[in-house]
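Asks: Quick one: the structure is below, questions incoming.
Computed from the coordinates by the stated procedures, all read-outs in this text should not be read as laboratory data. Remember, predicted model here, so these are calculated numbers, not experimental data.
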Amino acid sequence: MLNLIGPNRGPAEAVVFYFEINLKIRGEEPAMDMIFSRTLVDENYPLGAWTKKQQVSSWLSTLEFSYRSVHYAVEATVGIKILRGPRFLHGSLIASTSEEPSEMVLYDSERWGANTKVAVDGSVNLPRCLVILREDEDLFLKVCVFGRRHRRAKPKTIVLTVEHSDRSLNIKLGCYHLQVTVSWSGILLR
């Protein structure tokens, strides 16, 4: 099974929602790419308030994807910076909300390996940083880190409850001193 985490969630307004799925197996050169799965799924508005999962079969694969409509939504853009500690974040950052317990993986060093870059200022490049939630929901961020020996060390975990007024949280976790930032934006309809 292949776990895909993207693309990022984002705001949209439409009468019909189209989900275009176009998975490719990358070759050494773009001309060598091979189509693995291609399909188009449409869903009429309004979407339900709960997460919907759907399986779609095409050519060489069966894909399960999930989606959810969020009314009265706000965007939370999450960032994490290493203030003190190793220059690579051994661990994970997972988001969920007070109404939707399904986890959104924002960062996981086990899945993405040692090639994740940390900026000179300690900012960790998150493959996914956007979380969409209802204006009356709280954001939960689960931060898990391993020690210097990585897999041999027992992980240290903390769950942060982030309210809409929170902008920055400093935490000490294991051998790390981290700063978690959240930038909030309202989603305005035209």
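Asks: Extension gain K142-N22, at 0.36 nm per residue separation less the Cα-Cα distance, in nm? List each step's numbers first, then the result.
Replies: Details: separation 120, 0.36 × 120 = 43.20 nm, distance 3.07 nm.
Fully extending the segment from K142 to N22 adds 40.1 nm.
Asks: Here's another thing I want to ask about it. What is the gain in length, in nm to one decimal, between E29 and Q179 on full extension, counting 0.36 nm per residue of separation less the C-alpha to C-alpha distance? Intermediate values should be presented prior to the final figure.
Replies: Values: separation 150, 0.36 × 150 = 54.00 nm, distance 3.90 nm.
Net length gain for the segment: 50.1 nm.
Asks: Give me the percent of Cα-Cα pairs in segment 41-107 that sit more than 17 Å apart, rounded to a whole number. List each step's numbers first, then the result.
Replies: Details: 1365 of 2211 pairs.
Summing the P(r) tail past 17 Å for segment 41-107 gives 62 percent.
Asks: A follow-up question, please. How long are the semi-axes of the ellipsoid equivalent to segment 73-186, from square roots of 5 times the Cα gyration tensor eigenvalues, in whole Å, largest first? Let's see the in-between values first.
Replies: On the way: eigenvalues 113, 40, 33 Å².
One finds semi-axes of 24, 14, 13 Å for segment 73-186.
Asks: Could you work out the mean projected area of the convex hull around the alpha carbons of segment 16-67, in square nanometres to one decimal? Before the final figure, lay out each step's value.
Replies: Details: hull surface 16.8 nm².
Hull-based average projected area comes out at 4.2 nm².
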